[in-house]
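The values are calculated or read from the model by the stated rules, or taken from the named source; none is laboratory data. In this text the structure is predicted, and so the values were computed from the model without any measurement. No Cβ is skipped: glycine too gets one built from the backbone with ideal geometry, and neighbour counts run over all protein chains shown. Remember, those area values only see protein heavy atoms, side chains included, never the ligands or the DNA or RNA. Shrake-Rupley method; radii C 1.70, N 1.55, O 1.52, S 1.80 Å.
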Amino acid sequence: MNRAKMVGAGLILAMSVAQTLLPSAHASDLLKYMQPVSQKNNYLNKSQDREIKKKGFKTEEVEGAQPISNREIGLFATVDSTILSHGEQLTSLIQDPHVNGLSVLLSWQQLEPTEGQFDWQPIDKLLELCQNNNKSLILRISTSGGGAQDQSETPKWVYDAGASSVDFTGIDGKQHAMPIFWNPIYLAKWSNFVTALGKRYDNNPALQSVGITGGGMLAATPIVSGVLLDKAERLALEKKLEADKGMNEHQVVEHWKYVADLFPRAFIKTRLNFDVDAPLDSKSGQSMLDEISDYLVYKYGERVYLTRLGVDNSKHGFDQYRILLKFRNDTLTGYQLSPAFNAAELDKLTKVCLDDGISFVEIPAALILTKDATVLSQLDELRAHLGYQLISQSTTLPADLKSGSPLTASFTFVNLGSSPPMRPNRELDKDLAGSYKIQLELRDADGKPVVQSLHTPGVPTNQWIAGKPIKWEQELKMPKLKPGEYSVWLSLIDVDNKRKLQILNGADECKDKQAATSIDVGKVQVVE
């Protein structure tokens, strides 16, 4: 056998083995494992040999365009206990047209004060509020990091059952209790709670995503919170966990993989949310982050959004930046700003977010409630390009159409946003980034729909790159229709759940470019 045949046979065997290990992976994904690429001036993630390109976002403007809100993209107001108890401020936030939804962190203790007895009222109220105002909710549940020791975010009954913890004094001067997250009793009780949470809220239309809470404080990935301890104290506590509790790199990764499987089993339809910060401050923390994020995205795909939490300035965190760039074509990505974020850096942050292809940003409520005109203007600029911002610039239709003959139409769209619209396409337990469909609906003189024609665009929507006009022509089958004039309406639709995206009508004659789920693109005269 010559060398070429040997290499080919080796590649086929390697792909066969990889498909056994990763049954839901596509051949193109597997080739990324097998065929390393040249680094040149790009980042390279060695664990998967995937090229990660740096590319600046080029802002394009269309006269009269307005920011578009869809439930998974845009600005989300981060609300704490003070805002939740202040009805007037909460109402002001949810009714703000610039806000797409809310982001909240609740405690396990608050929701299950007694084992098996749940208080779902805080979540129910927020979901009802969001749904009534056509907004959505990012929900996270914390098991450690916020309360004093006698009010731990993990319920007391969990410790009473035998779960262990470690105590420490935070920079706030308070005593805190952190559960040992690999303890089997803790994991069993937490698993029961997550299962109950999913049973009640999975597929709730007002949920944008649910945070994956594992072995970290404040529902984040880092095991020791930078909010409660400075770096020296965090490293000291990590050493204590290693010495006294047997924590090691393998244990942390395996714990996260366990939790990574737990949440998708509980939430079959609802998107999940994973923090892309390293679990530990030590060098091994970055390799752990790679292994965990690889496991999540390659196993569950677009079911898991990726978020960089606790952003307190406009600087890139290199490792988080690398993870977001690596997976932004597979799933949606976001930023969460910390309460300490300086509003003066919003302008720089906007550039960073758009360069990263970010789809949603969680903003402290105080920034949104401000009366500062400069801050509000900068938030508007950020919102105008977050996620996918789709404009239908033209749809060309025939003047006359013979009854029963195909309708030939041409389409032109442009995306002003930083990321393409990705429709979740279920393959076994994994959601791949797929395409929404274009729907043309013919309505009769009474406005009654008589024809709905669907097709996938020539360039799938998950490849609609910012600033590049998308043009194609399509021949659509038509039934026999009664002669007469029909109005034609255009939508982008997820055929599985009939959900339509908000888009703008960018036709020249349409000066008032308001977002809508269906837009009038013209008329067709059907003749004998």
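Tabulated values for the structure
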{"item": "Dmax and Rg, reported as Rg then Dmax, of the chain (C-alpha, Å)", "result": "25.1, 85"}
{"item": "Quotient of Cα Rg and 2.2 N^0.38 Å for the range 444-524, N being how many residues it contains", "result": "1.22"}
{"item": "Overall Cα dimensions of the range 316-382, principal axis frame, Å, largest first", "result": "37, 21, 18"}
{"item": "Whole-number Å³ per residue for the convex hull built on Cα positions in the range 178-219", "result": "70"}
{"item": "Where Asp312, Asp431 fall by accessible area, highest first, once all protein chains stay in place (1.4 Å)", "result": "Asp312, Asp431"}
{"item": "Volume in Å³ per residue [convex hull over Cα atoms, computed for the range 128-200]", "result": "124"}
{"item": "Helix 231-245 axis, angle to the chain major axis (alpha carbon atoms, nearest 10°)", "result": "70"}
{"item": "Total charge dipole magnitude, the chain, about the Cα centre, Cβ charges on Lys, Arg, Asp, Glu only, Debye to nearest 20", "result": "1540"}
{"item": "Principal-axis tilt of helix 121-132 within the chain, Cα atoms, nearest 10 degrees", "result": "20"}
{"item": "Selection from Ser435, Leu390, Ile503, by position along the positive dipole direction of the chain (Cβ)", "result": "Ser435"}
{"item": "Solvent-accessible ranking of Trp108, Trp120, largest area first, probe 1.4 Å", "result": "Trp120, Trp108"}
{"item": "Dimensions (Å) - the range 378-528, Cα atoms, principal axes, largest first", "result": "52, 43, 25"}
{"item": "Whole-percent pair-distance distribution, where bins are 5 Å wide, for the alpha carbons of the range 396-469", "result": "3, 12, 17, 20, 15, 13, 12, 6, 2, 0"}
{"item": "Ordering of 327-339, 237-249, 411-423, 282-294 by burial proxy (mean other Cβ atoms within 10 Å per residue, highest first)", "result": "411-423, 327-339, 282-294, 237-249"}
{"item": "Only Lys, Arg (+1) and Asp, Glu (-1) charged, at Cβ; the range 460-514 dipole about Cα centre in debye", "result": "160"}
{"item": "Alpha-carbon Rg/Rh ratio, for the range 266-403, with Rh computed the Kirkwood way", "result": "1.11"}
{"item": "Rel. contact order, % - alpha carbon contacts under 8 angstrom, at least six apart, the range 303-348", "result": "58"}
{"item": "For the range 292-361, with +1 on Lys and Arg beta carbons and -1 on Asp and Glu, the positive-most of Gly310, Ile292, Leu354 along the dipole", "result": "Ile292"}
{"item": "Most to least packed among 449-456, 69-76, 357-364, 175-182 [average Cβ atoms within 10 Å]", "result": "357-364, 69-76, 175-182, 449-456"}
{"item": "Heavy-atom accessible surface of the chain: percent carbon and sulfur, 1.4 Å", "result": "50"}
{"item": "Per-pair calculated FRET efficiency, R0 = 60 Å: Ser403 and Ala243 via Cβ, rounded to 0.05", "result": "0.15"}
{"item": "Linear extension gain, Ser394 paired with Lys351, 0.36 nm per residue minus alpha-carbon span", "result": "12.5 nm"}
{"item": "Two-decimal ratio, the range 191-305, of alpha-carbon radius of gyration to 2.2 N^0.38 Å", "result": "1.11"}
{"item": "Per residue, in Å², the accessible surface of the chain once ligands and nucleic acids are set aside, probe 1.4 Å", "result": "45"}
{"item": "Net +/- balance of residues flanking Leu237 in space, Cβ distance below 13 Å, scoring K and R +1, D and E -1", "result": "-2"}
